[in-house]
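Enquirer: Sharing a structure here in structure tokens format.
The values are calculated or read from the model by the stated rules, or taken from the named source; none is laboratory data. Just so you know, these numbers come straight off a predicted model, no measurement behind them. Note that we place each Cβ from the backbone using ideal geometry, even for glycine, and neighbour counts take in every protein chain shown. These accessible areas exclude ligands, DNA and RNA; they are computed on the full protein's heavy atoms, side chains included. Shrake-Rupley method; radii C 1.70, N 1.55, O 1.52, S 1.80 Å.
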Amino acid sequence: MVSFPNAKINLGLDIIEKRPDGFHNIESCFYPVQWCDALEIIPSEKLTFNSSGIEIPGNLESNLCLKAYNVLKKDFDLPPVNIHLLKNIPIGAGMGGGSSDAAFTIKTLNELFELNLSSIQIEDYIRPVGSDCAFFVNNQPVIAYKKGDEFEQVNLRLKNHSISIVYPQLNISTKEAYSGVVPKKPLHTIKDIIQGDIHDWKELLKNDFETSLFPKYPLLKDIKETLYLAGAIYASMTGSGSAVYGIFSEKKSVRSLFSKEYNVWEGTLEH
């Protein structure tokens with residue numbers, strides 16, 4: 001069975017406070033985009049994982065797809081499977097690609113073996129695997145709170161807007177991104193800003209990671225400024241970086257504006 005785990009972008013990201021467990025409470029709007037991996041799961045004589053495309057760092061013990069399988073295995077008599085992942089979504093880009101792969105692993109296993117799990121049950125299974133994994137179960141725009149694993153519906157209409165996402169071949173780990181963060185409570189909530197006029201977002205909607213990462217990696221700021229010069233209504237780094245996106249009112253191609261080494265994905269927003 002084949003599925004296509006998709007990426008997400010963050011529309012704003014406020015880092016509110018550090019938690020006693022070492023994580024941070026955040027507020028952000030998670031929005032799905034159709035930059036996708038391809039995931040195939042088939043019954044096998046033994047549990048195996050292999051991948052192609054972008055090289056996945058780490059060992060099998062840290063692989064999120066296998067972690068997702070093992071979470072279900074604790075409660076269900078799952079047969080062994082072969083998992084093959086074609087990795088297209090850049091790693092260390094702030095787009096949740098690994099979290100999406102994990103969530104889609106459980107969704108695919110649920111369908112393949114007719115486990116009859118509800119969306120809420122799948123969220124509960126996948127939540128311990130990664131902070132934003134649960135978002136990819138329903139794949140609808142939400143305001144994300146706490147560790148990014150609790151959600152509230154949001155009134156947002158970006159359908160038919162064009163988006164360009166630029167990845168400059170720079171992998172920023174979550175640990176590195178958070179090392180430069182100073183948590184603070186914002187004057188305006190992201191939910192209030194998001195539900196206002198998109199033309200006000202440039203002044204109001206911020207990603208707190210930009211404050212420390214832009215001085216360290218000036219190319220990220222350059223990408224954002226280039227997107228605005230190209231006519232973006234709103235541009236921002238997504239998540240903890242390093243991908244930067246621009247939202248346009250009409251179809252726009254920006255590939256020619258960036259180095260050939262950069263990975264540029266362009267599409268249309270669907271929500």
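Enquirer: Just checking, which of 155, 171, 160 is at positive phi, part of a loop (DSSP other than H, G, I, E, B) and not aromatic (Phe, Trp, Tyr)?
Expert: Exactly one residue qualifies, and that residue is 160.
Enquirer: Could you look through the range 85-106, keep only residues that are over 11 Å from the mean Cα position of the chain (by Cα) and surrounded by fewer than 21 Cβ atoms within 10 Å (Cβ to Cβ), and pick out the one that is farthest from residue 150 (Cα to Cα)?
Expert: My answer is 86.
Enquirer: Still on this model: From the set of residues in the range 20-71 that are in a helix (DSSP H, G or I) and hydroxyl-bearing (Ser, Thr, Tyr), which is most open to solvent (accessible area, probe 1.4 Å)?
Expert: Among those that are in a helix (DSSP H, G or I) and hydroxyl-bearing (Ser, Thr, Tyr), it is 62.
Enquirer: Kindly list, by first and then second residue, each pair from a residue in the range 64-86 that is closer than 22 Å to residue 52 by Cα to a residue that is open to solvent by 30 Å² or more (accessible area, probe 1.4 Å) and among the charged types (D, E, K, R), limited to pairs with Cβ atoms under 6 Å and residues at least 6 apart or on different chains.
Expert: Partner pairs satisfying both residue conditions: 80/46; 84/40.
Enquirer: When you scan the range 7-17, do you find a residue that is open to solvent by 10 Å² or more (accessible area, probe 1.4 Å), touching a His at 6+ places or on another chain (Cβ under 8 Å) and not hydroxyl-bearing (Ser, Thr, Tyr), even just one?
Expert: Yes, the range 7-17 contains at least one residue that is open to solvent by 10 Å² or more (accessible area, probe 1.4 Å), touching a His at 6+ places or on another chain (Cβ under 8 Å) and not hydroxyl-bearing (Ser, Thr, Tyr).
Enquirer: Same structure again: Scanning for something open to solvent by 20 Å² or more (accessible area, probe 1.4 Å), of a type in the set (Phe, Trp, Tyr) and closer than 25 Å to residue 105 by Cβ, does the range 128-144 turn up at least one residue?
Expert: Checked the range 128-144: no residue is open to solvent by 20 Å² or more (accessible area, probe 1.4 Å), of a type in the set (Phe, Trp, Tyr) and closer than 25 Å to residue 105 by Cβ.
Enquirer: Moving on to the next point. Only residues in the range 248-266 that are closer than 19 Å to residue 8 by Cα and among the aromatic types (Phe, Trp, Tyr) count as the first member; pair them with residues that are open to solvent by 90 Å² or more (accessible area, probe 1.4 Å) and assigned to a loop (DSSP other than H, G, I, E, B), Cβ under 8 angstrom, at least 6 apart or cross-chain, and list the lot.
Expert: 262/169
Enquirer: Collect the residues in the range 113-152 that are assigned to a loop (DSSP other than H, G, I, E, B) and at pLDDT 95 or above, keeping them in residue-number order.
Expert: 113, 114, 115, 116, 117, 118, 133, 134, 139, 140, 141
Enquirer: Can you confirm whether the range 181-190 contains a residue that is open to solvent by less than 10 Å² (accessible area, probe 1.4 Å), not in a helix (DSSP H, G or I) and not basic (Lys, Arg)?
Expert: no
Enquirer: Exactly one condition in (1) more than 20 Å from the chain's Cα centre (by Cα); (2) part of a loop (DSSP other than H, G, I, E, B); (3) surrounded by 13 or more Cβ atoms within 10 Å (Cβ to Cβ); (4) not hydroxyl-bearing (Ser, Thr, Tyr) is false for residue 193; which is it?
Expert: Tallying (1) more than 20 Å from the chain's Cα centre (by Cα); (2) part of a loop (DSSP other than H, G, I, E, B); (3) surrounded by 13 or more Cβ atoms within 10 Å (Cβ to Cβ); (4) not hydroxyl-bearing (Ser, Thr, Tyr), residue 193 fails exactly one: (2).
Enquirer: Same structure again: Just to be sure I understand the filter: pairs with C-beta atoms under 6 Å, separated by 6 or more residues or on different chains, first member in the range 92-118 and under 29 Å from residue 172 (Cα atoms), second member of a type in the set (Phe, Trp, Tyr). Which pairs pass?
Expert: 93/167; 100/136; 103/136; 106/125
Enquirer: For the range 223-239, state whether one or more residues are open to solvent by 50 Å² or more (accessible area, probe 1.4 Å), under 15 Å from residue 30 (Cα atoms) and in a helix (DSSP H, G or I).
Expert: Within the range 223-239, not a single residue is open to solvent by 50 Å² or more (accessible area, probe 1.4 Å), under 15 Å from residue 30 (Cα atoms) and in a helix (DSSP H, G or I).
Enquirer: Are any residues in the range 1-33 farther than 30 Å from residue 82 by Cβ, β-branched (Val, Ile, Thr) and without any contact (Cβ under 8 Å) to a residue 60 or more places away in the chain, and if so, which ones?
Expert: None; the set is empty.
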